[in-house]
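Report on one structure; see the data block that follows.
The values are calculated or read from the model by the stated rules, or taken from the named source; none is laboratory data. All values reported here derive from a predicted model rather than from experimental measurement. Counting neighbours? That spans all protein chains shown, and the Cβs are built from the backbone with ideal geometry, glycine included.
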Amino acid sequence: MAGTVVLVVVGVLLAALLGLWIVGERGRLMRPSTWAYLKEGGWRSLLSLEALHFYVYARWTNQYIGFLLSNPTKQKVKFLKADHVGRWWADHYHGKVVPPELAQAIITVDQDIRRDLEQIIPYPTARNLVLEGPPDVVVYECACRLAREEPCSPTQVCMVIGKPFTDFILEHNPGSSRRLTQAEALALLREEHERGHVHTAYFKDACLDRFYAICNCCPCCCGGIQAMRGNVPMVCASGYVARIDAAHCAACGTCADACPFDAIQVNGTAVVDWELCMGCGVCTSQCPNGLITLERDERKGIPLDVRALS
């Protein structure tokens, strides 16, 4: 009896969400960006739970992420840390660290790219890169930062890339999003790098199974980085590793304090933990003596370099 009641409740909730999705707010039909999303995903996506999940996620991002990150209960923590939940989450919503130069290359690409990134993004779903250069860029509020009591600033740092996602965010979040020019997008990337934040190219299933956004992640707020620390493999390494000129290192500890992945320790000199290093490049700009560089390391995967893909 109890199981039947649960199924009925779940069915009613799904029907209500589907109705809201199809009919829209205040009795209006779907907004143009939602129709564009459905058209690109094919009409099979109309009844897809993945597409419906994307609608809920993109439409109410702050509430969605806020629920996951705030006011943890024992039951919620246990659920989110379950191995099968972590694997599902990583498979369907994941990212790849991109050093500053490669993040800027995504914004400035000048030709269309449609590639399956099976070798670059080692996940079974959501690994297509679809860019129509130069890509459309919209920035909106970082839900991870807004979920914190004392968030890092600024909070408007999540960069959605490419249509129909950019139009969807603008239409459904007009008060917290805005379109960026290429120069503004590049400036935002540089400013976030100087703050010691990580550029991560995020991919999402949502029926389109493709590249979605560049997040500028701070280790104290970012749910993805914190999930990595909890052994949920949501982010893969950039394909680079940090190298320190140990002979001239002053052991000041600046790089260790700045590293978002706790991959640098100082004991007489700064030392990089190869296993933990994600090749984000934050330490290269934080070292006061310029003694850290990023070096290509095949064991860390293939870099997401759109210049090579094009």
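What the table shows:
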{"item": "Test result for CYS252, more than 29 Å from VAL138 (Cα to Cα), in contact with a Cys (Cβ under 9 Å, 6 or more places away or on another chain) and surrounded by fewer than 14 Cβ atoms within 10 Å (Cβ to Cβ)", "result": "yes"}
{"item": "Residue among ALA251, ALA263 that is touching a Leu at 6+ places or on another chain (Cβ under 6 Å) and outside the structural domain of GLU132 (by TED's automatic domain parsing)", "result": "ALA263"}
{"item": "Test: residue in the stretch 147-156 that is in a helix (DSSP H, G or I), of a type in the set (Asp, Glu) and over 25 Å from TYR55 (Cα atoms)", "result": "no"}
{"item": "Test for ASP112: is it in contact with a His (Cβ under 6 Å, 6 or more places away or on another chain) and either of a type in the set (D, E, K, R) or surrounded by 21 or more Cβ atoms within 10 Å (Cβ to Cβ) (or both)", "result": "no"}
{"item": "Selection from the stretch 69-90 of residues that are at pLDDT 60 or above, out of contact with any strand residue (DSSP E or B) (no Cβ under 9 Å at 6 or more places or on another chain) and crowded, with 16+ Cβ neighbours inside 10 Å", "result": "LEU69, GLY86, TRP89"}
{"item": "Hits in the stretch 107-162 (condition: closer than 19 Å to VAL306 by Cβ, out of contact with any helix residue (DSSP H, G or I) (no Cβ under 6 Å at 6 or more places or on another chain), without any contact (Cβ under 8 Å) to a residue 60 or more places away in the chain and β-branched (Val, Ile, Thr))", "result": "ILE161"}
{"item": "Residue match in the stretch 177-198 (condition: buried (at least 22 other Cβ atoms within 10 Å of the Cβ), among the charged types (D, E, K, R), touching a Cys at 6+ places or on another chain (Cβ under 6 Å) and assigned by TED's automatic domain parsing to the domain that holds CYS217)", "result": "no"}
{"item": "Only listed residue being modelled with pLDDT under 80, outside any strand (DSSP E or B) and under 25 Å from ALA213 (Cα atoms), chosen from LEU13, LEU38", "result": "LEU38"}
{"item": "Unique residue being aromatic (Phe, Trp, Tyr) and in contact (Cβ under 8 Å) with a residue 60 or more places away in the chain when the list is PHE261, PHE211", "result": "PHE211"}
